[in-house]
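J.: Could you have a look at this structure, given as structure tokens, before my questions?
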Amino acid sequence: MKLSRTVKRALSVTMALLCLPLLGCANNDPEQEPSISLGVAIYNKDDTFISNMMLSLTEIAARYEQDTGIRVYVNLTDAQENQTNQNKQIDRFVAMNYDVLCVNLVDRTDASYTIDRAMDADIPVVFFNREPVQEDLQKWDRVYYIGTDPAENGRLEGQIVVDAYNADPARFDKNGDGIVQYIIIEGEIRHQDAMIRTEVSVQTLKDAGIELEKLDGGIASWVRSQAAALSDQYFEKYGDQIELIICNNDDMALGVVDTVERRGLSFNNIVGIDGTPAGLAAVKEGKMLGTVVIDYAAQAKLIFDIACALAMDKDPKEIADISADRTVRAPMYVVKADFIP
Ligand code: BGC
């Protein structure tokens, strides 16, 4: 709660993501106390999951302010996928003496810049979504990480397919060869969620006794349009041989749905992860088998609650289940299409 007057003048109270271009503008009553200031740095505002999470965060901050009378300043910056940009944004937050830094790293292996600056200024850091390596997390006991458990994401995603397969194997094995020919579409190569989800989802199918053959696979970096383009190439090349498409997130699954619709196909053996509003709608409409909801609103609440505790010099362990390495895993659940038991 050590907000400088400069910061107070510089920030609007609760910044909706839509206001990103207006960062650093307007404030109402600079003298009102007490207050909490959060410097929130995200890797890319065009990422659907992250932008939904940030909208939740600003809503939670606004509600908290209303309920408690404690002013909350959220300054949200977008690194546009460039770690050097993000490092400069961190420098600015530190110079303005924010209470807490909330950081969605561009490069999860490059957390040390942020941690070193934060340590020098004694500003705690809550990383989220892009997990720093253990060596970085262990550098300072005021560093936290909030994210999902990618192995459990992958296991639940695989289980959606297992349930659908057990209910109706013919839905997958269209050529009757006893093997499911599949394609996998992955997120960014260096993201822990992509690597682990891929491995565990496929392993879950194998463990359930489903015979698999990988036809192809590629990286679409979490992006809907990239997955649409990639899956278009796969349908061109493999046509009816494709019996299942596993995607590391909903936006990429929706990209596949776009291609299916554009090509006039009836294919819906597509699974995703996230539970974005568009992903959930596609599952409801039977365009996807299902999704794992990794609950961006719950993650936003954890980020906010832990950041507030740190800002007020409280122990975050009082409000969240924090493991010994100071990581917190947000809850998740499965949503399946109606036709899957
Ligand atoms: C989400 C993706 C998102 C990525 C961003 C993942 O956990 O599932 O949708 O694009 O995080 O880092």
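The values are calculated or read from the model by the stated rules, or taken from the named source; none is laboratory data. If you're wondering where the values come from, they're calculated on a predicted model, not measured in any experiment. When we count neighbours, we look across all protein chains shown, and the Cβ atoms used for this are built from the backbone with ideal geometry, even at glycine.
J.: I'd like to check something: does the range 282-295 contain any residue that is outside any loop (DSSP other than H, G, I, E, B), under 21 Å from residue 39 (Cα atoms) and not charged (D, E, K, R)?
T.: no
J.: Restricting the range 122-131 to residues that are under 19 Å from the mean Cα position of the chain (by Cα) and more than 13 Å from the ligand (Cβ to nearest atom), which is nearest to residue 97 (Cα to Cα)?
T.: Taking the candidates together, the pick is 125.
J.: Something else: Mind checking which pairs have a first residue in the range 262-287 that is assigned by TED's automatic domain parsing to the domain that holds residue 245 and a second that is basic (Lys, Arg), Cβ under 6 Å, 6 or more apart or different chains?
T.: That search, which allows pairs on different chains as well, returns 268/287.
J.: Considering each of 325, 321, 251 in turn, give the residue that is of a type in the set (Asp, Glu) and surrounded by 19 or more Cβ atoms within 10 Å (Cβ to Cβ).
T.: Selected residue: 251, the only one of 325, 321, 251 that is of a type in the set (Asp, Glu) and surrounded by 19 or more Cβ atoms within 10 Å (Cβ to Cβ).
J.: Further question on the same structure: Being surrounded by 15 or more Cβ atoms within 10 Å (Cβ to Cβ) and more than 22 Å from residue 299 (Cβ to Cβ) is the filter here, so list the residues in the range 84-122 that pass it.
T.: 85, 87, 92, 94, 96, 97, 113, 117, 119
Yes or no, residue by residue, for (1) in contact with a helix residue (DSSP H, G or I) (Cβ under 7 Å, 6 or more places away or on another chain); (2) more than 15 Å from the ligand (Cβ to nearest atom):
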residue: 53; (1), (2): yes, no
residue: 59; (1), (2): no, yes
residue: 67; (1), (2): no, yes
residue: 72; (1), (2): yes, yes
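J.: Now, a different point. Can you tell me which residue within the range 189-243, out of those that are within 13 Å of the ligand (Cβ to nearest atom) and touching a strand residue (DSSP E or B) at 6+ places or on another chain (Cβ under 7 Å), is modelled with the lowest pLDDT?
T.: Out of the qualifying residues, it is 189.
J.: Consider residue 171 against the criteria (1) within 13 Å of the ligand (Cβ to nearest atom); (2) more than 30 Å from residue 312 (Cα to Cα); (3) not polar (S, T, N, Q): it satisfies all of them except one. Which criterion is unmet?
T.: Of (1) within 13 Å of the ligand (Cβ to nearest atom); (2) more than 30 Å from residue 312 (Cα to Cα); (3) not polar (S, T, N, Q), only one is false for residue 171: (1).
J.: Need at least 3 residues that are over 30 Å from residue 275 (Cα atoms) and not assigned by TED's automatic domain parsing to the domain that holds residue 221 per element, so show me which helices (runs of 4 or more DSSP H) inside the range 26-125 make the cut, counting only ones lying wholly within it.
T.: So the answer is 83-95, 112-121.
J.: Identify, please: which residue in the range 153-168 is touching a helix residue (DSSP H, G or I) at 6+ places or on another chain (Cβ under 8 Å) and within 13 Å of the ligand (Cβ to nearest atom) and is, among those, nearest to residue 130 (Cα to Cα)?
T.: From the range 153-168, those touching a helix residue (DSSP H, G or I) at 6+ places or on another chain (Cβ under 8 Å) are 153-155, 157-159, 161-162, 164-165; that's our starting set.
Filter again for within 13 Å of the ligand (Cβ to nearest atom), leaving 153-154, 157.
Numbers: 153: 15, 154: 17, 157: 20 Å.
In this case the residue turns out to be 153.
J.: Hey, another quick one. Condition (residue is part of a helix (DSSP H, G or I), within 16 Å of the ligand (Cβ to nearest atom) and surrounded by fewer than 23 Cβ atoms within 10 Å (Cβ to Cβ)) applied to the range 142-152: is it met by at least one residue?
T.: yes
J.: Among the listed residues 207, 240, 193, which satisfies the condition of being of a type outside the set (A, V, I, L, M, F, W, C) and within 30 Å of residue 311 (Cβ to Cβ)?
T.: Step by step, each of 207, 240, 193 is checked, and only 193 is of a type outside the set (A, V, I, L, M, F, W, C) and within 30 Å of residue 311 (Cβ to Cβ).
J.: I'd like the full set of residues that are buried (at least 19 other Cβ atoms within 10 Å of the Cβ) and out of contact with any Cys (no Cβ under 6 Å at 6 or more places or on another chain), limited to the range 173-187.
T.: Across the range 173-187, the qualifying residues are 180, 181, 182, 183, 184, 186, 187.
J.: Right, here's the next one. Within 16 Å of the ligand (Cβ to nearest atom), touching a residue at least 60 places away in the same chain (Cβ under 8 Å) and among the aliphatic types (A, V, I, L, M), is that true of residue 103?
T.: Yes.
J.: Within the range 246-275, count every residue that is within 9 Å of the ligand (Cβ to nearest atom) and among the charged types (D, E, K, R).
T.: 3
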